[in-house]
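As structure tokens, the structure follows; a few thoughts come after it.
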Amino acid sequence: MFPDYDEPLFRPPCEAGSLIIQATLGCPHNACSFCAMYKTKRFRARDTEEVKADLRRARLMYSHVPSIFLADGNTVAMNSEKLAEIISYARRLFPEAERISSYGGARFLKGKSPEALRRLRESGLDIIYFGLESGDDEILKRVNKGVTSAEMVEAARKVKEAGIRLSVYVLLGLGGIERWEQHALNTARALNLMRPHFIRPRTLYPVPGTPLWEEMERGEFIEADGITVMRELRLLLENLDAEGAVFLSDHISNYIPVHGLLNRDREKMLASVDMALSRPEEFLGPRYLTQL
């Protein structure tokens, strides 16, 4: 690990074994009401030569790098030519790496031209982790996501047309008790239009100090309990029609692991949800911050 990372550092769970290189610092949006990840940083793109120097140091340190994740949040927001230069350089230094990936939000992807996204793919960007969170416009507005569901779908379409694999995050529980059904149905609708390569659900865990936490304190948002979250997940799965998408519940925030290939494994995944609903005292009890 580099001694001079700008902490805190975040990455998807599936990138645990990856070389992590900070091409950017912070998140350029950094206003989602549920998120506490980058509050101590202001977004900036690092100097290209500094990033290349980190890559060279890593090459000296590691004989084999299976994959590379370009941090921090929404790295695709940086200048596309500079990002493509970094990715191409990483590809030359680490020919053994099976993938290079980054976070990318719709607010910043929608401003990229098809040519810019194709340039990123040609340079070696394999996958973008994309935070849909919800397909419900009222929820998106409430949590200050900065884009509509339609803009999310359009951004996802551009990523796929460029040949970049798309991994979409869904945040279960984001509608609270009030809008869990709308959250599930509208999220399924958006995912059906996107047809991503991966769908990765997480479950909302309100964090003290965030605007969402303050809404809870004022009684303006009522957190969904485990049973409601499982009902929401069931409704989502019932309405998904994203043939070939891999559904991966690969985060510690989730109550149970639910994995499968759509639409082939829908019934198997629904059976897992029904099992949890039939034994809520075992699977759907309170979660604690120390677990996450």
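The values are calculated or read from the model by the stated rules, or taken from the named source; none is laboratory data. Just so it is clear, the model here is predicted, and its values are computed rather than measured. So basically every Cβ, Gly included, is an ideal-geometry build from the backbone, and we count neighbours across all protein chains shown.
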Confirm whether Ala90 is outside any loop (DSSP other than H, G, I, E, B), under 21 Å from Ile127 (Cα atoms) and in contact with a strand residue (DSSP E or B) (Cβ under 6 Å, 6 or more places away or on another chain).
yes
Given (1) surrounded by fewer than 21 Cβ atoms within 10 Å (Cβ to Cβ); (2) closer than 21 Å to Val168 by Cβ, Phe69 misses just (1)
Has the stretch 60-71 got at least one residue that is at pLDDT below 95 and assigned to a loop (DSSP other than H, G, I, E, B)?
no
Which is in contact with a Phe, Trp or Tyr (Cβ under 7 Å, 6 or more places away or on another chain), modelled with pLDDT of 95 or more and assigned to a helix (DSSP H, G or I), of Lys141, Lys52, Lys82?
Lys52
Filter result (without any contact (Cβ under 8 Å) to a residue 40 or more places away in the chain and within 15 Å of Tyr5 (Cβ to Cβ)) within the stretch 45-65:
Arg46, Glu50, Val51, Ala53, Leu55, Met61
Which fully enclosed helices (runs of 4 or more DSSP H) of the stretch 163-247 have 1 or more residues being among the aromatic types (Phe, Trp, Tyr) and on the phi < 0 side of the Ramachandran plot?
180-194, 211-217
For residues that are within 23 Å of Ser167 (Cα to Cα) and either small (Gly, Ala, Ser) or in a loop (DSSP other than H, G, I, E, B) (or both), tally how many sit in the stretch 9-42.
21
Pairs only if they're at least six apart or on different chains, beta carbon under 8 angstrom, first in the stretch 26-37 and touching a residue at least 24 places away in the same chain (Cβ under 8 Å), second of a type in the set (Ser, Thr, Tyr) and assigned to a loop (DSSP other than H, G, I, E, B); list them, first residue then second.
Gly26/Tyr38; Cys27/Tyr38; Asn30/Tyr38; Ser33/Thr210; Phe34/Thr210; Cys35/Thr210; Ala36/Thr210
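Yes/no per residue for (1) without any contact (Cβ under 8 Å) to a residue 40 or more places away in the chain; (2) surrounded by 20 or more Cβ atoms within 10 Å (Cβ to Cβ); (3) within 23 Å of Ile100 (Cβ to Cβ):
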{"position": "Ala156", "(1), (2), (3)": "no, yes, yes"}
{"position": "Ala162", "(1), (2), (3)": "no, yes, yes"}
{"position": "Tyr169", "(1), (2), (3)": "no, no, yes"}
{"position": "His183", "(1), (2), (3)": "no, yes, no"}
{"position": "Arg195", "(1), (2), (3)": "no, no, yes"}
{"position": "Arg218", "(1), (2), (3)": "yes, no, no"}
{"position": "Val246", "(1), (2), (3)": "no, no, yes"}
{"position": "Ser249", "(1), (2), (3)": "no, yes, no"}
